[in-house]
Every structure is written in structure tokens, then in C-alpha cells.
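*Asks:* What follows is a single structure, and I will ask about it in a moment.
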Amino acid sequence: MSLQFIVDGLLTGSMIGLGAIGVTLTYSILRFSNFAHGDFMAWGTYATLAVVSAIGAIVGKVAPIAPLSFGWPLLVALVVGMAFTALLALLLDKVLFSRLRSQGQAIIVVMASFGASMALRSLLEFTFTSRPTYFSRAIQIAMPVGFGIRVTPDQIALLLLTAILVLGVHLLMTRTQTGRSMQALSQNAALARIVGIDVARVVRVTWIIGGALACVAGVMIGILVQIRPFMGFDMLLPMFAAAILGGIGSIPGAVLGGLIIGFAEAGAVQLIGAEWRAAVSFIILMAVLFVRPIGLFGVRER
């Protein structure tokens with residue numbers, strides 16, 4: 001049996017894990033499930049693609065950075081796309097979510113996020129059509145690394161980027177005052193307000209982190225697979241499954257949950273067929289809810 005599914009699982013798990021960080025932060029701090037998070041991924045990816053196209057129109061064709069399939073315009077565009085997605089998340093919160101959160105009924109906010117998700121997805125499809133597109137159509141030659149495993153330079157670069165971003169978020173959450181404020185607010189919102197934590201600032205940082213990482217996850221999908229309006233929606237169940245599996249509020253848990261889901265999906269494709277891939281996330285989610293509802297790193301609320 002080929003061990004290629006290990007690389008496939010790592011890549012899929014990285015995309016899911018980056019997206020799940022935003023899901024778990026939003027739920028633990030703002031206390032609602034944001035169904036529009038997948039669409040942040042799609043909007044960030046299309047924004048990045050638009051910037052790449054604009055740079056290409058201004059400076060002409062740019063040679064890729066050897067041995068990668070993309071050049072410096074994509075790196076610049078990714079930063080712009082992350083900022084755009086963060087601003088989109090902040091705007092949606094200001095216009096919609098914050099007004100509804102003040103009413104104190106989480107189900108209303110959840111339904112509003114579901115409606116926002118459909119609106120964002122439809123607007124994206126109307127603007128860019130449903131036809132798949134790509135950052136680059138260049139074909140990379142996968143390099144053998146042993147045990148029947150082959151990887152491309154793009155895959156290696158994106159795995160390294162994921163590791164750097166996850167480490168950065170972990171350090172932010174554990175070594176900075178902002179991160180400690182976020183943890184305090186997630187554990188006890190009332191007490192956090194009493195001790196003087198700036199709740200509005202923590203909420204803004206939460207949206208910025210979630211939106212920026214969603215953009216990166218979407219761009220990874222765009223580089224390795226393809227870009228289309230439903231790309232984020234397709235990742236929604238795996239992201240929620242990863243967040244719940246890892247334990248709501250846990251950054252390492254979200255990433256580990258993403259990797260577990262990724263490996264399970266890749267293994268299912270190899271062992272029993274690609275048609276079961278979508279069912280794996282749901283099966284794992286149900287198993288976790290039955291056996292350990294608080295997740296691997298979750299803390300039982302008191």
C-alpha cells in the first residue's frame with residue numbers, strides 16, 4: 001500500500017486546521033457558530049487572485065520563484081488578501097453580528113451567519129461565475145522522498161507556511177497580553193469585563209486572526225486544487241469537526257483535529273473510495289460528541 005496518503009492528509013489537515021482556528025476562536029470568545037467562516041476563505045482567495053491579476057496587468061508576466069509554481073506577486077497578494085478578509089470579517093461583525101449579540105440570543109446570531117454565508121457565496125458566484133479558476137496552470141513534477149511518497153515544492157512550501165502561522169498564533173495566545181485577554185474572555189466573559197479587559201479590542205483581534213487564517217487556508221486550496229465560490233462551503237463541516245474534536249477554544253486542538261480529519265479523509269479515499277471522503281468528517285464528529293463532547297483539549301465548563 002502506498003503511503004502517499006500521509007502527504008495528502010498533512011496538506012488537507014493543514015487547510016482544515018487553519019480554518020478551524022477561526023471557528024474555535026469565534027465560538028469560544030463570541031459564543032456562536034459562524035457558518036460564514038467558510039465563505040471568508042473563498043472571498044480571501046478571490047481577493048488574492050484579483051490582486052495577482054492586477055499586478056500581472058501592471059508589471060507584465062512574472063517568472064515563478066524556482067522551484068515553486070508562483071512568483072512574488074502571489075506573496076504580495078496573499079498579504080493583501082489576508083488584510084481584506086480580516087476587514088470583511090470586521091465589517092460583517094459591525095453591521096450584523098455585534099447588533100444581534102447584544103440581544104443575548106445565540107441562535108439568532110447563528111441563523112444570521114447562515115444567511116450571511118448564503119449571501120456572500122451568491123455574491124461571489126455572481127461576480128466571478130461558478131467556473132473554476134487557478135493561480136497557475138503550471139504542472140509541477142513531484143519529487144520522490146522514499147516509501148512511495150512524492151511531494152511537490154509547492155506542497156513543502158505550504159506546509160512550512162502552515163507551521164509558521166500556527167506557531168505564531170500559539171505564541172500570540174500564550175506569550176502576549178492580548179492572547180491572555182482572549183483566553184480570559186473565553187473562560188469567563190463577565191469576570192474579564194470586571195477586571196478591565198477591553199472586550200471590543202479582543203473581539204476585533206479575534207475576527208482579524210480568524211479572517212486572515214481563513215484566507216491563507218483558501219489560498220492553499222487554490223494553489224493545490226482550484227478556486228471556486230463553493231470551496232469554503234465544502235470545508236465548513238471538516239472545520240467544525242476539527243474544532244470540536246480538538247476542543248473548543250484550543251488552538252493546538254484545532255490544528256490537531258484538522259490533521260486527524262485530514263488523515264482520516266485521505267485514508268478513506270485510498271482504502272474505501274473517494275465517495276466516502278465527505279462522510280468521514282461527519283462520522284468523526286458524531287463519534288467525538290458521543291465519547292468526549294468537550295474534545296481532546298477541551299475544558300469542561302463550570
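The values are calculated or read from the model by the stated rules, or taken from the named source; none is laboratory data. Remember, predicted model here, so these are calculated numbers, not experimental data. Counting neighbours? That spans all protein chains shown, and the Cβs are built from the backbone with ideal geometry, glycine included. Heads up: the accessible areas ignore ligands, DNA and RNA and are worked out on the full protein's heavy atoms, side chains in. Shrake-Rupley method; radii C 1.70, N 1.55, O 1.52, S 1.80 Å.
*Asks:* Write down the accessible area per residue of segment 109-229 in Å², having rolled a 1.4 Å probe over the full set of protein chains.
*Replies:* 53
*Asks:* Could you check how much of the accessible area of segment 4-291 is carbon and sulfur, as a whole percent, using a 1.4 Å probe?
*Replies:* 71
*Asks:* In the chain, if the dipole is taken from +1 on Lys/Arg beta carbons and -1 on Asp/Glu beta carbons about the Cα centre, which of Ala142, Ala83, Gly257 is farthest to the positive end?
*Replies:* Value computed over the given set: Ala83.
*Asks:* For segment 39-79, list residues with backbone N below 19 Å from a point placed 7 Å from the Cα of Leu123 toward its Cβ?
*Replies:* 39-51
*Asks:* In the neighborhood of Gly232, defined by Cβ-to-Cβ distances under 13 Å, what is the net charge if each Lys or Arg adds +1 and each Asp or Glu adds -1?
*Replies:* Charge balance near Gly232 sits at -1.
*Asks:* Can you compute the charge dipole magnitude of segment 67-139 about its Cα centre, using +1 on each Lys and Arg Cβ and -1 on each Asp and Glu Cβ, nothing else charged? Give it in debye, rounded to the nearest 20.
*Replies:* So the dipole magnitude of segment 67-139 works out to roughly 60 debye.
*Asks:* Given a 1.4 Å probe, how much area per residue of segment 52-92 is accessible, in Å²?
*Replies:* Result: 56 Å² per residue.
*Asks:* Are there trypsin sites (Lys or Arg not before Pro) in segment 31-128 that DSSP puts in a loop and that have at most 11 other Cβ atoms within 10 Å, and which ones?
*Replies:* Lys61
*Asks:* Please identify every one of the chymotrypsin sites (Phe, Trp or Tyr not before Pro) in segment 123-218 that sits in a loop by DSSP and has no more than 16 other beta carbons within 10 Å of its own beta carbon.
*Replies:* Here the chymotrypsin sites (Phe, Trp or Tyr not before Pro) that fit, given the DSSP loop and packing criteria, are Tyr134, Phe147.
*Asks:* Sticking with this one: Which whole-angstrom value gives the distance between the alpha carbon centres of segment 1-59 and segment 249-270?
*Replies:* Spelled out, the Cα-based centre of one part sits 14 Å from the other.
*Asks:* Which of Met111, Ala184, Leu171 sits closest to the plus end of the dipole of the chain, meaning its Cα is farthest towards the positive end, when Lys and Arg get +1 and Asp and Glu get -1 on the C-beta?
*Replies:* Among Met111, Ala184, Leu171, the one farthest towards the positive end of the dipole of the chain is Ala184.
*Asks:* Where the only charges are on Cβ atoms (+1 Lys, Arg; -1 Asp, Glu), what is the dipole of segment 4-291 about its Cα centre, to the nearest 20 debye?
*Replies:* Roughly 580 debye for segment 4-291.
*Asks:* Based on the alpha-carbon gyration tensor of segment 103-152 and its eigenvalue square roots a ≥ b ≥ c, which shape applies: rounded if a/c is under 1.5, prolate if not and a/b is larger than b/c, or oblate?
*Replies:* oblate
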